[in-house]
Structures are given as C-alpha cells and as structure tokens.
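See structure below.
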Amino acid sequence: MSEILDNPAIIAAQLAEAKINAAIKAGRSFRLEAGAGAGKTFSLVHALKSIIKERGRSLTQTGKKVACITYTEVARNEIAQEIEDHPAILVDTIHGFSWAFMRQFQKAIREILIEDDSRKEKVEQGGGIGSKSVEYELGFFGVNDQKITLSHDDIPTMMAKLLSKEKFRKIFSNQFPVVFIDEYQDTNRQFMDAITEYFLKPKVGPLFGLFGDHWQTIYGSEYELAEYPIEEIAKGSNFRSVPAIVDILNNLRLDLPQAVSSPDAKGEARFFHTNSYKGTRTDERSSKDDLPIDIARSTRTSLIQRLQNEGWDIEKTKILMLSHNVLASEQGYPQLIKVFDGRNDQFAKKEDPVIKFFAEIVEPMSVSYSLSNYGEMFKIFGSRPAITKHEDKSCWRRDMDQLLKLRQEGTIGQVIDHLKQTKRPSPPDRVLRRDDELISLRNSPDTEMSSTLLRYNKLREIPYKEVIEVTKFIEKQTPFATQHSVKGAEFENVLVVLGGGWNNYKWPQLLELLETKKLTNANTKGFYRARNLFYVSISRPMTRLAVLATQTLSDTALVTVNNLFGSENVIELSLDT
C-alpha cells in the first residue's frame, strides 16, 4: 500500500481504470486518452482481462467475441500473448480483422467494386467483375480471368462501405458486442468515420473502447482530434520519464497533466540553440535559416561530446533526426536514399528483397567471417557445407575474401554478380528473377521497364559501401533514428535535433505559434503535424533529454522554449562564424 501511495502515476492509473470498468459495466462507449509513457496497452489488456473474467464463458458459449483491433502486428502479438489467446477475444490488425469479416460477403464486395470508379479501367482490362472470387493475398489490386485481388488500402475503406449498410451492421453487432480499437488516432480515417457515423452517434451497436493519444498522431494526413461523441477518460500517468522531463511535457500539454512514477528521480531536460551563429544560413525550400551542413554536423558532434563528458552513456543514447534524407547524408548512403525516394519503408523495413538479403544474410555473414567466427557464419548461411579437403576451405576463403573486397570497392551489382557465381551465399529467388528480368530487358531496348526494375537497375550502380552503412541503421547498430520511427519506444537518453530538411516541419514556426496561438487556415495543419512529432520525440527518454535547434529562433520562439524548459535550462551554444 505504501508503494502505491508513494507512486502518483499508479494512483492516476487506478483512477482511469476505475472509470473504464464503470463505462464497460454500464455499456457506455469510451475513449481512453493516454499520453506518452502512460501505459495505454496495460489499460487495454487490463480491460480485456476484466471482460474475460466476467463474461468470457458466456461469450464463448454463445459464439460471440470481443474484437480488439490493432494498428500493427507487433501490438497484436503482444496483446494476444498477454491474454493467452483467450477464445472469447479476437485480436487482429485492422486488415486481418476486416478481411476476416468481409470475405464471407463476396457478392457485396463485388457490388462495392462495381461502384468504384477509380478501379473501372483495371477491372475492364482484367475482363470485368462478373462472379469472380475476391481475394486478399499479395496486397495489391489486380483482376484476371479467375479472381480479383484487393490491395492493403482497399481493406479498411471497403469495410467502412460495408458498414454503411444496415444488414452488415446487424451481423457485425451480433458477432462483436464489444470492440476495442488500439491506436484509434492512427486507424484508417474512413473506417473510424464509419464507426462514428453508424454506431457512436446514434448510440447503437457494440460497446466501443478507443485507446490511444491524439497528440501522437504522426502518420497519414490528419493530425487533429476527430470528434467522437463518447465519454473521454484521461489517463494522467507517466511511468517512463523522470520529473524533469515530465515537467516539460506538462508545460506543453496543459489538457493532460501527468503524474510521475518516482517524484524524487534525478534527470535532466535542456534546450540548446545556435542563434549565436552569424554566418550565412540555408535558404532552401526544405531548409530555412539552418546552419550549413558541415557546421550543423560539427555542432551536433561537439554537443554529443559535451553530453558524454557530463555523464551521458552514448550506448544508451538515441539521436533523433527529422528525415531519412538527413540521416542518409550524415551516415553515408545518400545515393541509396535517392533510389528509394518516397519509398523509405522499402529499405528501412527491409521490404525490398535486395536490401533484405544484404541486411539479413550478406552483411552478418561478412562480419562473422571478418571476425573469424566461422560457426556463426555457417549458421547464417543456413547449413554447414561439406568441407572434406583443404581445397574446399581454400575456395570458401577465396570467395569470402573477394566478397569483403567488393563490399569496400565494388558496386551493389558487382556484389550480386559475384554471389550469383559463388553462391556463398546465393541470392534468393526474388533477387535472381529481378536480375534475369533486367538482363532480358536490356537485350530488348524497345521494351519499357517497370518502376521496380528501373529502381533495381539504379540500385546496381550504387557503391556497396552504402549498403554497409544503411544496414547499421536498419539493424539499430547506430545511435541515430528518425523521429517518426521511435513512436512507442523508450531510451535512457535522447538528443532531439530540430533542423531543416523537410518543409512539412517548421520548428521555429511551431515554437512561435505555441506562444502566439495565431492559427490560420494556412498554418493549422502544419502546426499540429509539427507539434505532435515534437511531443513524440521529447517524450521518448527515461532520464535525460537534450534538444538541439540548428535553425534561427525568433525572440517569440525563445519565449516558448523558456516557458517549456525553464530559462536556466536554455543554453545558447557559442559557434565560430
């Protein structure tokens, strides 16, 4: 009991969970607003366990389920494990859940497709819809003689259209008397609009529990809180950060003050700016009034060294940059980022088969070989090859030595050609097919290349050394990360770099508007977009936070900074001009 009394975050959490339980018992839909570090998933799982305890048996006996719709596979797996895959609870991503419900209504799906003008041309090219089976397998839209395949984006929007029909709403409500939606703020807006319009506004259908935080909306194109006509429950806890950091969050977010877990915990939160620099600053569309690249880099390096001298452990520190483009130029893969322009997930999440092969097989094998860790090398290779004589060992050494040489001196194409020949390791079928297609099209100059092959052709010309560097980023072997990539994560120490490089995010303007409150039609969307990313970034650290602004800050912007951090924690760096 004394532990709870000494922990304000627990007291705040218990208050929120009592309100959730009361809403569920009364059959009222609700929205849990849980700020950074509040333990949103814990509250969701706690609510599911309460339902299992009280209604699990009756739900199972009647063939009904509580639906828990997640934004990611990772969240799905985490929640399913916490509730031990109880049969009364269906936990799935919005795509998995929606397709499992929709697939039984083939005729209705075909009718929706017939009404979709954006698909008309592709449908006609594929021979029409007719009575073809509609499937969701590969994640892209297509029509052939036998079937129609849906894209990822089709699934939640078609589910929304299905729910616009009363017949399917009744079936939905009967199957799922309770529906929880995790990360409601990131969930497909058309799907959420359908839930609001057909269930929440008329107060019919399932009990809905929305779990999330609209201040952490950093994906998509909608950044403000949508109107949900249901009870709001605020969870004013922060189990992650020390008081010095939570104070900043509370100064920024007045509508959801958070109580800390350990009131006496030591830590720090400081803001560094570069207004002392009097030299020429950048004047580009995506980078206004920023330090020149070399000076920005040296300033950041000097600050990191200063923080280390003051006790920061760099092994426990994450440095958050604005964009992949900024990171790429800093870390040594500028050409690779251009090839994947606008398709960052292709390399960052290893969706591209070439990058996946290099990051998961070639690089780990090469590193193991260079360290003479042959057991690990063969483990990655997949099997221990038959080495029965000295010649076998010599062949392996020759091929791996050449691979190491090409990694440093050759292109991606030269490495692939080498591996096609030696098969140590052999490129996967998807890469081989792509290479064969490219060779075939090179011999047929009149044939137009697909965007995938054009990208692969450019990729082959890039120095392989860029793969080495991007793999370090992908596999989190570097302290750097993008601000968008760390949502939901936590680190001991965080340095947030506020600079140019992406014209969607104007940090000086954000800081000014936080003080003046002068929002207009022209700047409102940009304000919320930048505010949310700023909030996500500064709420990641557990113990130490430093923010470095490399763009010029006006007096008004500095008023905001002083109000947030306290003037004693705002430091102007001395820079040589």
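Table: residues versus (1) farther than 26 Å from Glu330 by Cα; (2) in contact with a Phe, Trp or Tyr (Cβ under 8 Å, 6 or more places away or on another chain).
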residue: Lys487; (1), (2): no, no
residue: Leu495; (1), (2): no, no
residue: Leu510; (1), (2): no, yes
residue: Lys517; (1), (2): yes, no
residue: Ser537; (1), (2): no, no
- Just a yes or no: is a residue in the range 108-131 surrounded by fewer than 14 Cβ atoms within 10 Å (Cβ to Cβ), of a type in the set (A, V, I, L, M, F, W, C), outside any loop (DSSP other than H, G, I, E, B) and within 33 Å of the chain's Cα centre (by Cα)? no
- Item | When residues of the range 288-311 are limited to those that are closer than 17 Å to Phe480 by Cα and of a type in the set (Val, Ile, Thr), the one surrounded by the fewest Cβ atoms within 10 Å (Cβ to Cβ) | Thr301
- Message: Would you confirm whether or not the range 83-100 contains a residue that is surrounded by fewer than 19 Cβ atoms within 10 Å (Cβ to Cβ) and more than 33 Å from the chain's Cα centre (by Cα)?
- Response: no
- Query: Does Arg55 meet the test of being basic (Lys, Arg), outside any helix (DSSP H, G or I) and in contact (Cβ under 8 Å) with a residue 24 or more places away in the chain?
  - Reply: no
- Task: Could you please give the count of residues in the range 164-176 that are touching a Lys or Arg at 6+ places or on another chain (Cβ under 9 Å), over 14 Å from Gln104 (Cα atoms) and either free of Cβ contacts under 8 Å to residues at least 12 places away in the same chain or part of a helix (DSSP H, G or I) (or both)?
- Result: 1
- Query: Among (1) of a type outside the set (A, V, I, L, M, F, W, C); (2) crowded, with 19+ Cβ neighbours inside 10 Å; (3) within 30 Å of Leu454 (Cα to Cα), where does Lys318 come up short?
  - Reply: (3)
- Message: I'd like to check something: does the range 355-372 contain any residue that is surrounded by fewer than 18 Cβ atoms within 10 Å (Cβ to Cβ), modelled with pLDDT of 90 or more and under 26 Å from the mean Cα position of the chain (by Cα)?
- Response: yes
- Would you list the helices (runs of 4 or more DSSP H) that sit entirely within the range 461-559 and hold 3 or more residues that are outside the structural domain of Ser276 (by TED's automatic domain parsing) and surrounded by fewer than 16 Cβ atoms within 10 Å (Cβ to Cβ)? none
- Name, by its number, the condition in (1) more than 29 Å from Lys25 (Cα to Cα); (2) in contact (Cβ under 8 Å) with a residue 60 or more places away in the chain that does not hold for Tyr136. (2)
- Check on Gly205, crowded, with 18+ Cβ neighbours inside 10 Å, not hydrophobic (A, V, I, L, M, F, W, C) and not in a helix (DSSP H, G or I): yes
- Task: Scan the range 162-180 and give yes if some residue there is modelled with pLDDT of 90 or more, basic (Lys, Arg) and out of contact with any Gly (no Cβ under 9 Å at 6 or more places or on another chain), otherwise no.
- Result: yes
- Out of all the residues in the range 134-142, is one or more surrounded by 19 or more Cβ atoms within 10 Å (Cβ to Cβ) and in a helix (DSSP H, G or I)? no
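The values are calculated or read from the model by the stated rules, or taken from the named source; none is laboratory data. Note that this is a predicted model, so its numbers are computed, not measured. Note: ideal-geometry Cβ built from the backbone for every residue, glycine included; neighbour counts use all protein chains shown.
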